[in-house]
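Just below is one structure, and these are the notes that go with it.
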Amino acid sequence: MKIDVYHTPLGLNAGDLTGRAVVVIDVLRATSTIVTALAAGAKAIVPAASSEEVVRVTANLEKNGIVLAGERRLLKIEGFNLGNSPREMTKEAVGGKTLFLATTNGTPALLAAQGGDPVLVAAALNFSAVAERARHLFTERGDLVIICAGREKQFALEDAYTAGRLIKAVKKGVPPKKLSLNDAAQVSLDLAALGGWQDALAASDAARQLGEAGLADDVKFCANPDRVAIVPVYADRRIAA
Ligand code: MLT
């Protein structure tokens, strides 16, 4: 039984994901934002490669039913309705709407995961629910891929830590001799011993940068495990619960 972790989507080659169960993580903050938006009643999230793509694909859509959201250098994109803060994803702001979301690392990682079957979206906020679903898939198929968004094409501590916690949950009951982890999975599993969610996320570069941008409360919010029990699934270019 095999678990492969990618610390950024850069290492993925064509066909690597075909027919495989995939979990995507960008815990600070894109996947936390997606989970929160769906929990607040958003109809669906459409991840985009860039803000320009969001503007292009929404140009002819009825504006009542959609929300443009995303960040550039952590801050709301000019002309968009919302940034990439999960705390902005309230029922009033997103209930019943389709969100078009562009972020620096998270939405590109989701786009790179297309081809997986299914593609699940994970954060601390929905951790137990997504871990349970991933465990079922792993038990059935003996295979799982975890894609971390990383940060600016580099390793990101908070995503690798979350991947490690996921591996720990998913491999429960599997005899060590039957389990094959790639190196990135092995080191993620070691990181899961770092401590609790708050400390692990707070230790990351992302948390420091968010703090400098006045968004330290987002880090605390994203480090709350199991606030919701939904498992977002990305299929046909949209993410729905
Ligand atoms: C990203 O996709 O790069 C992140 O979610 C950045 C952020 O907004 O914190």
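The values are calculated or read from the model by the stated rules, or taken from the named source; none is laboratory data. No experiment lies behind these values; they were computed from the predicted model shown. So basically every Cβ, Gly included, is an ideal-geometry build from the backbone, and we count neighbours across all protein chains shown. Calculation scope for accessible area: heavy atoms of the full protein, side chains included, ligands and nucleic acids excluded. Shrake-Rupley method; radii C 1.70, N 1.55, O 1.52, S 1.80 Å.
Tabulated values for the structure
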item: The range 1-22, subset within 16 Å of the ligand (Cβ to nearest atom) and more than 14 Å from Glu158 (Cα to Cα), residue most open to solvent (accessible area, probe 1.4 Å); result: Leu10
item: Residue within the range 210-219 that is open to solvent by 30 Å² or more (accessible area, probe 1.4 Å), within 28 Å of Asp4 (Cβ to Cβ) and aliphatic (A, V, I, L, M) present; result: no
item: Residues of the range 222-241 satisfying the condition of being buried (at least 20 other Cβ atoms within 10 Å of the Cβ) and over 10 Å from Leu120 (Cα atoms); result: Cys222, Ala223
item: Every residue from the range 203-216 that is touching a helix residue (DSSP H, G or I) at 6+ places or on another chain (Cβ under 9 Å) and either polar (S, T, N, Q) or more than 22 Å from Glu152 (Cα to Cα) (or both); result: Ser204
item: Residue selected from the range 86-118 under the condition more than 16 Å from the ligand (Cβ to nearest atom) and among the β-branched types (Val, Ile, Thr), by the criterion nearest to Val23 (Cα to Cα); result: Thr98
item: Residue in the range 29-41 that is more than 11 Å from the ligand (Cβ to nearest atom) and free of Cβ contacts under 8 Å to residues at least 60 places away in the same chain present; result: yes
item: Single condition Ala156 does not satisfy, out of (1) surrounded by fewer than 22 Cβ atoms within 10 Å (Cβ to Cβ); (2) of a type in the set (Gly, Ala, Ser); (3) in contact with a Leu (Cβ under 8 Å, 6 or more places away or on another chain); result: (1)
item: Selection count where residues are crowded, with 20+ Cβ neighbours inside 10 Å and assigned to a loop (DSSP other than H, G, I, E, B), scope the range 66-81; result: 3
item: Scope the range 23-50; condition out of contact with any helix residue (DSSP H, G or I) (no Cβ under 7 Å at 6 or more places or on another chain), open to solvent by 10 Å² or more (accessible area, probe 1.4 Å) and within 26 Å of Glu78 (Cβ to Cβ); matching residues; result: Leu38, Lys43, Val46, Ser50
item: Count of the range 182-209 residues which are open to solvent by 70 Å² or more (accessible area, probe 1.4 Å) and at pLDDT below 95; result: 2
item: Lone unmet requirement of (1) among the aliphatic types (A, V, I, L, M); (2) away from the ligand (no atom under 16 Å from the Cβ); (3) part of a helix (DSSP H, G or I); (4) closer than 23 Å to Ile167 by Cα for Val57; result: (4)
item: Qualifying position, being under 16 Å from the mean Cα position of the chain (by Cα), at pLDDT 95 or above and closer than 13 Å to Asp26 by Cβ, among Ala123, Ala129, Ala134; result: Ala123
item: Residues being in contact with a helix residue (DSSP H, G or I) (Cβ under 9 Å, 6 or more places away or on another chain), over 12 Å from Asn84 (Cα atoms) and not in a helix (DSSP H, G or I) - total across the range 96-116; result: 4
